[in-house]
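Written below as structure tokens is the structure these notes are about.
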Amino acid sequence: MMPAFFVYTLPNSFMPHTSPIRSSHRGFTMVELVVTVVLIGILAATAMPRFFKKQTFDARGFSDQVASMVRYAQKIAVAQQRKVFVRLNGADVAICFDVACTLPVNYPAGSGPASCGGNSTWFCVTAPNGIEYSSTQAIFYFNALGQPVATNNAVLGANVTITIKGDTADRVLTVNAETGYVQS
């Protein structure tokens, strides 16, 4: 006599390869497809305007370039133990060894775009079209200790602030008056 709980199973060789229950659930449901398309549409509507505004990229790029240039000016001043001037005249940003910018600092790589005065070796960058900037100090220099100093040889009493405008958000670079640290 067999117990009531005994279940006879077929060996694997006799089992069918596909189950009739599984074969009806292939692919995605219509609800899943619609939800996916709606989510992609929402993401595209919010993200696409950011990708197509050239001013946003230009403002960010110019801001990064200016921060790098000011940091480089400080490093050159410390490494060469000499004054390195940063000129912020509203149209371009230049790094020079004198206040009149007759002795320009060369690009670290040797040459770059000929943006200021047509000189491709001068480490100078012009603001892109549609991008404007302002500064609390038009020209200052870094001394041999890396501190920012006014052109009248007085140590700056306040931070130098460079504000870059060109898209919806202003970008502010700050040069610390005591240490010369450039914060972006």
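No lab work stands behind these numbers, since they all come straight from the coordinates. Remember, predicted model here, so these are calculated numbers, not experimental data. FYI the Cβ positions are ideal-geometry reconstructions off the backbone, even for glycines, and counts take in every protein chain you see.
Listing for the model above:
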item: Dipole magnitude of the stretch 55-183, debye to nearest 20 (Cβ charges: Lys/Arg +1, Asp/Glu -1, about Cα centre); result: 300
item: Segment Val155-Met30, length gained on full extension (0.36 nm per residue, minus Cα span); result: 38.0 nm
item: Net charge contributed by nearby residues that have their C-beta within less than 15 Å of Tyr107 (K/R +1, D/E -1); result: +1
item: Whether the stretch 55-183 is rounded, prolate or oblate, judged on the alpha carbon gyration tensor where a/c under 1.5 counts as rounded; result: oblate
item: 12 Å reach of a label modelled at Thr136, 7 Å along Cα-to-Cβ, counting backbone N of the stretch 146-177; result: 156-163, 173-177
item: Nearby lysines by direct alpha-carbon distance to Lys53 (threshold 17 angstrom, same-chain neighbours under 8 apart not counted); result: Lys165
item: Pair Ala79, Leu145: separation of 7 Å Cα→Cβ label points (nm); result: 2.2
item: Spatially proximal lysines relative to Lys83 (Cα-Cα < 28 Å; intrachain offsets below 8 disregarded); result: Lys75
item: Local electrostatic count, Phe85, Cβ distance below 14 Å [Lys/Arg +1, Asp/Glu -1]; result: +1
